[in-house]
1. Across segment 30-52, what is the number of residues that are farther than 18 Å from GLN82 by Cα, outside any loop (DSSP other than H, G, I, E, B) and not aliphatic (A, V, I, L, M)?
2. Can you tell me which residue within segment 47-102, out of those that are in contact with a His (Cβ under 8 Å, 6 or more places away or on another chain) and surrounded by fewer than 18 Cβ atoms within 10 Å (Cβ to Cβ), is farthest from GLY29 (Cα to Cα)?
3. Residue check: is SER25 loosely packed, with under 15 Cβ neighbours inside 10 Å, assigned to a helix (DSSP H, G or I), modelled with pLDDT of 95 or more and not aliphatic (A, V, I, L, M)?
4. Quick check on my filter: what residues within segment 1-52 are within 13 Å of the chain's Cα centre (by Cα) and of a type in the set (Val, Ile, Thr)?
5. Just the residues that are part of a helix (DSSP H, G or I), within 8 Å of the chain's Cα centre (by Cα) and under 17 Å from ASN45 (Cα atoms), please, taken from segment 76-102.
Amino acid sequence: MPVAPKEVQQAARRALAARDNVPPSRKAGTPVGLARANQLANGDNISEGTLLRMHSYLSRAEYDYKQARAKGLDLETSKAIQAYYLWGGPAALAWVRRELNR
């Protein structure tokens, strides 16, 4: 089973740190998203089923992420960006696609 690359691990760590620094009203992430962030940040092995779920989420959320970025928002000012980074951020989608195509 693959392990997320450093860039993806760092994105998840950044999102977890940002989430700790904002008030409760600005915290993003479901229990599943938080579990995924911890799994990625810890460098845990990622199963094929998890890769498929990651691809599904990251593909769906990419539009909201890009819209928030276009508005100049960041991890602490946008729940969409924070949630996307909990799942590994933009680098994660490219990595997941490579892994699934193997």
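The values are calculated or read from the model by the stated rules, or taken from the named source; none is laboratory data. Here the structure is a predicted model, which means the values were calculated and not measured. All Cβ positions, glycine included, derive from the backbone under ideal geometry; neighbour counts span all protein chains shown.
1. Within segment 30-52, residues that are farther than 18 Å from GLN82 by Cα, outside any loop (DSSP other than H, G, I, E, B) and not aliphatic (A, V, I, L, M) number 4.
2. LEU100
3. Values: loosely packed, with under 15 Cβ neighbours inside 10 Å: yes; assigned to a helix (DSSP H, G or I): yes; modelled with pLDDT of 95 or more: no; not aliphatic (A, V, I, L, M): yes.
Answer is no for this residue.
4. Those that are within 13 Å of the chain's Cα centre (by Cα) and of a type in the set (Val, Ile, Thr): VAL8, THR30, VAL32, THR50.
5. Across segment 76-102, the qualifying residues are LEU86, ALA92.
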